[in-house]
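The structure appears right after this line, and notes come after that.
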Protein chains: 2
Amino acid sequence: MLQLYFSPMACSLASRIALMEAGLDARYHLVHLRTKQVVDDDSDFHQISPKAAVPVLVLENGERLTESAAVLQYIADLKPDAGLAPRPGDPDRYRLQEWLSFVGSEIHKAFLFPTFWYKDDASLAKPRARIGRTLSVPAAHLADRKFLVGDSFTVADAHLTWALLLLGAAGVDIAQWPSLAAYLQRMQARPMVRDAVATEMALRRTMATSPA
Amino acid sequence: MLQLYFSPMACSLASRIALMEAGLDARYHLVHLRTKQVVDDDSDFHQISPKAAVPVLVLENGERLTESAAVLQYIADLKPDAGLAPRPGDPDRYRLQEWLSFVGSEIHKAFLFPTFWYKDDASLAKPRARIGRTLSVPAAHLADRKFLVGDSFTVADAHLTWALLLLGAAGVDIAQWPSLAAYLQRMQARPMVRDAVATEMALRRTMATSPA
């Protein structure tokens, strides 16, 4: 069975959503990102992955895959009929990769990561000044689209949904971008998204950790 | 013909290397990233891409693709026989995506981007404190490997080669990680890498711009 190392409301939420949307069972291991401990057995998360970052997906053959962009595409390709990614060879597959990269680098790594890990105003002044321009890109794209890629839900939507949820926690009011607010509302109406978020929010209340 | 919007020694260098390694002709458009002007015709780069970031690859059908992770995979798939990416369906394809994400987010967006764009010490203290641990990941991986993925050069190597070149300019002495230093030397011995870097270094000397 697949195994996912996750931390509640961290970017691994997108992988949980993808697994649930694909209808794939997995064993979920909760990680304290501050202490780098795996809660199951109090083991050192560095032993699972030297990066000590989530997500880590343990594949059926025991190999460990990291980085949301790779983990999400792997999950999508396990169940091609679920339509969570355009098939390889479809030009839209590169659009999926484009959005996964944008969310992972421009929203997560350039803004959410310093917000939740660096925290001090000195570190955050410039990321904060920049996030509005960053968000104008998906806002414009979604002005006349229901999903980031093609006409149905993909793992890119799982990734952006997570990022938009965290932006709220990071003090960015996405109501400034009506297309993003409407998109997030649509995504949150999906049963699997709702269940995944409810599960992780409940777990998060039991621990004091940082989500990004 | 493909067209690549680039800025000398910016992350678009990886796309140039990929195009050259694939033996693909392309028209190259130089962009001033500070002024967001396309040098060819002094036009506004925002008209090419609202992100106003490089790389932008103009495909044969006129569509524009952004984000190195997507552009590099697109280029690799145009010439599968060049072996610049494991074919879709090969488990190593996810390893390629994993490294593209790591270089793009952890090295580029978390460190090189603030170094060259934010510049002030207050913004950079925490990224600087973190880069050593980040680089220990590829350093360990490359201790007994010649390439990031599989046994031959892929676009992930093009991406990391660019990042390692910029780390030097950012004041990080990669001699601290002998495996990274040896890897960079091997990559720089490749004729296409050497030519791509020489071309962009020559162009860079003609302009005052920031590389990351």
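The values are calculated or read from the model by the stated rules, or taken from the named source; none is laboratory data. Bear in mind that the values here come from a model prediction, so they are computed numbers and not experimental data. When we count neighbours, we look across all protein chains shown, and the Cβ atoms used for this are built from the backbone with ideal geometry, even at glycine. What goes into the accessible areas is simple: the full protein's heavy atoms, side chains included, and nothing from ligands, DNA or RNA. Shrake-Rupley method; radii C 1.70, N 1.55, O 1.52, S 1.80 Å.
Under Stokes-Einstein, with the Kirkwood radius over Cα pairs standing in for Rh, what whole-number D in µm²/s applies to the protein assembly as shown at 20 °C and 1.002 mPa s? Show your work: numbers first, answer last.
Values: Rh = 21.7 Å.
Roughly 99 µm²/s, to the nearest whole number.
Quote the FRET efficiency, to the nearest 0.05, computed for B:Ser136 versus A:Arg194 with a Förster distance R0 of 30 Å and r equal to the Cβ-Cβ distance. All intermediate terms of the calculation are to be shown ahead of the outcome.
On the way: r = 39 Å, r/R0 = 1.30.
In this case the efficiency is close to 0.15.
Across identical copies of the chain, A:Arg186 has label-point separations of 4.7 nm, listed in ascending order, with the point defined 7 angstrom from Cα along Cα→Cβ.
Peptides B:99-106, A:184-191, B:55-62 ranked from most to least packed give B:99-106, B:55-62, A:184-191, packing being the mean of other C-beta atoms within 10 angstrom over each peptide's residues. Each chain gives up part of its surface: B and A jointly bury about 3100 Å² of accessible area, both sides summed, for a 1.4 Å probe. Measuring nothing but how far apart in sequence close Cα pairs (under 8 Å, 6+ apart) lie, relative to its length, region B:91-192 scores a relative contact order of 31 percent.
The slack in the chain from B:Phe147 to B:Lys79, taken as 0.36 nm per residue of separation less the alpha-carbon distance, amounts to 22.6 nm.
For region B:1-139, the carbon plus sulfur part of the accessible surface works out to 50%, probe radius 1.4 Å.
Take each residue in A:91-97, count the other chain C-beta atoms within 10 Å of its C-beta, and the mean is 6. Only helical runs count toward this figure. For chain A, summing -39,500 (n - 2.57) over DSSP H runs of n ≥ 4 and dividing by all residues gives -14000 deg cm²/dmol at 222 nm. Taking label points 7 Å from Cα along the Cα-to-Cβ direction, B:Leu24 and B:Gln47 give a separation of 2.5 nm. Relative to the other identical copies, A:Val39 shows label-point distances of 5.4 nm, where the label point lies 7 Å from Cα along the Cβ direction and values run shortest first.
Accessible area per residue was computed with a 1.4 Å probe on protein heavy atoms; B:Asp44 scores about 70 Å². Counting only protein heavy atoms and a 1.4 Å probe, the protein assembly as shown has 40 square angstrom of accessible area per residue.
Secondary structure note: in chain B, about 65% of the DSSP beta bridges are antiparallel. Over region B:99-202, how many percent of alpha carbon pairs lie in each 5 Å bin up to the one with the longest distance? For region B:99-202, the pair-distance distribution reads 2, 12, 24, 25, 19, 12, 5, 1, 0. Checking the a/c ratio against 1.5 first, then a/b against b/c, what shape does the Cα gyration tensor give for region A:2-83? Judged from the Cα gyration tensor, region A:2-83 comes out prolate (a/c at least 1.5, a/b above b/c).
Taking every alpha-carbon pair under 8 Å whose residues sit at least 6 apart, chain B reaches a relative contact order of 26 percent. Over the Cα atoms of chain B, each weighted equally, I'd like the Debye log10 I(q)/I(0) at q = 0.09 Å⁻¹, rounded to two decimals. Those come out to -0.33, one per q.
Cα gyration tensor of region A:49-132, axes a ≥ b ≥ c as square roots of the eigenvalues: rounded (a/c below 1.5), prolate (a/b > b/c) or oblate?
oblate
Enter the mean number of other protein chain beta carbons within 10 Å of the beta carbon of each residue in B:104-111, as an integer. Each step should come with its number before you reach the end.
Numbers: counts 8, 11, 7, 0, 3, 9, 7, 1.
Across the residues of B:104-111, the mean count of other-chain Cβ atoms within 10 Å is 6.
Looking at the protein assembly as shown only, what percent of DSSP beta bridges run antiparallel? Nearest 5 please. Intermediate values should be presented prior to the final figure.
Values: 20 of 30 bridges.
Within the protein assembly as shown, antiparallel bridges account for around 65 percent of the total.
When only Cα pairs under 8 Å and 6 or more residues apart are kept, what is the percent relative contact order across region B:2-83? For region B:2-83, the relative contact order is 33 percent.
Shielding value for B:64-77 is 5, the average number of Cβ atoms from other chains within 10 Å of each residue's Cβ. With label points defined 7 Å past Cα in the direction of Cβ, position B:Pro80 shows copy-to-copy spacings of 1.2 nm, given to one decimal and shortest first.
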